[in-house]
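The values are calculated or read from the model by the stated rules, or taken from the named source; none is laboratory data. A quick note: this is a predicted structure, and the numbers were derived from the prediction, not measured. Ideal geometry is used to build each Cβ from the backbone, glycine not excepted, and the neighbour counts take in all protein chains shown. Just so you know, the surface numbers come from the protein's heavy atoms only, side chains and all, with ligands and any DNA or RNA stripped out. Shrake-Rupley method; radii C 1.70, N 1.55, O 1.52, S 1.80 Å.
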Amino acid sequence: MAFLSSLSAFTVFLVIGGLGFALLLISLVFGGIFDFFDASLDHDLDHGGPGFFSSRVISVFITAFGGFGAIATHYGLSPLPASGVGFASGLAFGSAVYAFARFLYGQQASSEVRAAELVGQTARVIVTIPADGVGQVRCRLGEELIDKIARAHDGQTIPEHASVRVEEVLGEVVVVRRH
């Protein structure tokens, strides 16, 4: 116990900052392995991106708390006001990391095309659809060209270059009708 009573507030804040930094390095190396808190506390936010309680945000908060608390004690503040400075700094830096992570997550692109988006679209046959067989169609969805395996709605042959309309999506196969 004599060891603990001999620690100064400056040393305690430095240790807290160092532990936060070590946690940050571990979370950067091992990814989201420590993000079980994130899943249990942020589940009501339906955004799919990083949560405010992710391991990286928490570790930045702890690091800033310890670092700025140590600076505040170095400049003469007692432990309680230094804790307030550390807490405010931790919130500021943690919020900045959270906002930046959300921004980066929002910039991710997805090439996933939902089936509902294809229904009703006009397409062009690029591989002849034989009677009761499958061919291939290509349609434009926004700026993206989508190629899909296609089957004729009525089971008849549809020649290459014919214009068709997508009637239904069955897994990876689209059912088309001559346009």
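For residue 168, the test of being open to solvent by 60 Å² or more (accessible area, probe 1.4 Å), charged (D, E, K, R) and modelled with pLDDT of 90 or more is passed.
Taking the range 54-125 as the region of interest, the helices (runs of 4 or more DSSP H) fully inside it that hold 2 or more residues being not aliphatic (A, V, I, L, M) are 55-74, 79-106. Would you mind finding the one in 177, 102 that is touching a Gly at 6+ places or on another chain (Cβ under 6 Å) and open to solvent by 30 Å² or more (accessible area, probe 1.4 Å)? Being touching a Gly at 6+ places or on another chain (Cβ under 6 Å) and open to solvent by 30 Å² or more (accessible area, probe 1.4 Å) holds for just one of 177, 102, which is 102.
Please verify whether residue 114 is under 21 Å from residue 18 (Cβ atoms), of a type in the set (D, E, K, R) and either open to solvent by less than 50 Å² (accessible area, probe 1.4 Å) or modelled with pLDDT under 95 (or both), treating the condition exactly as stated. So residue 114 does not fit the description; no. Within the range 118-165, the set of residues being open to solvent by less than 30 Å² (accessible area, probe 1.4 Å) and of a type outside the set (A, V, I, L, M, F, W, C) comprises 133, 135, 155.
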